[in-house]
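Student: Here you go, one structure.
The values are calculated or read from the model by the stated rules, or taken from the named source; none is laboratory data. Remember, it's a predicted structure, so these values are computed and weren't measured experimentally. Heads up, the Cβs are rebuilt from the backbone with ideal geometry, glycines too, and the neighbour counts pull from every protein chain shown. Just the protein is used for accessible areas: all its heavy atoms, side chains included, with ligands, DNA and RNA removed. Shrake-Rupley method; radii C 1.70, N 1.55, O 1.52, S 1.80 Å.
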Amino acid sequence: MPHPDGGWQIKRDGDQRASHRGDTQSGLIDTAREISRNQGTELQIHRPNGQIRQSDSHGNDPHPPKG
């Protein structure tokens, strides 16, 4: 998500501070995806306006798709 002081940040939902910060979003997405896989959480990638543009679930899905 965008950082208030410029650039981008990786931040867990509910945390006050960012765990990682960088100048480019693309550089942080791989790091965020690895953290999300390790912790079994959902990854949400935001647009510059704060809107969610992509979401990936790395946890246990209580309602997996049939098929």
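Student: Heavy-atom accessible area per residue, the chain, 1.4 Å probe: how many Å²?
Tutor: 79
Student: So what is the calculated 222 nm ellipticity per residue for the chain, using -39500 (n - 2.57) for each DSSP H run with n of 4 or more, over all residues, to the nearest 500 deg cm²/dmol?
Tutor: Mean residue ellipticity, 222 nm, calculated: -7500 deg cm²/dmol.
Student: In nanometres, what is the gap between the two model label sites at residue 57 and residue 34, each 7 Å from Cα along Cα-to-Cβ?
Tutor: 2.6
Student: Here's another thing I want to ask about it. Could you look at region 1-58 and say what percent of its accessible area is carbon and sulfur, using a 1.4 Å probe and all protein chains?
Tutor: In region 1-58, the share of accessible area belonging to carbon and sulfur is 39 percent.
Student: What is region 8-67's relative contact order, in percent, from Cα pairs under 8 angstrom and six or more apart in sequence?
Tutor: 21
Student: ³J(HN,Hα) across region 26-43 via Karplus (A = 6.51, B = -1.76, C = 1.60, θ = phi - 60°), whole Hz, x for Gly/Pro?
Tutor: Couplings: 4, x, 8, 4, 4, 5, 5, 5, 5, 4, 4, 5, 5, 9, x, 10, 8, 9 Hz.
Student: With θ taken as phi - 60° and the coefficients 6.51, -1.76 and 1.60, list the Karplus ³J(HN,Hα) couplings across region 10-22 in order, rounded to whole Hz; mark glycine and proline as x.
Tutor: Per-residue couplings from phi come out as 10, 8, 6, 4, x, 6, 7, 10, 6, 7, 9, 9, x Hz.
Student: The list (1) 74; (2) 124; (3) 107 gives values of volume of the Cα convex hull per residue in Å³, and only one came from this structure; which label was calculated from it?
Tutor: (3)
Student: Another question about this same structure. Just how large is the dipole of the chain about the Cα centre, in debye to the nearest 20, putting +1 at every Lys and Arg Cβ and -1 at every Asp and Glu Cβ?
Tutor: Its charge dipole is roughly 80 debye.
Student: Around residue 57, which amide H atoms from residues at least 5 apart in sequence, or from another chain, sit under 5 Å from its own amide H, with H modelled in the peptide plane?
Tutor: Amide H neighbours of residue 57, under 5 Å, 5+ apart: 43.
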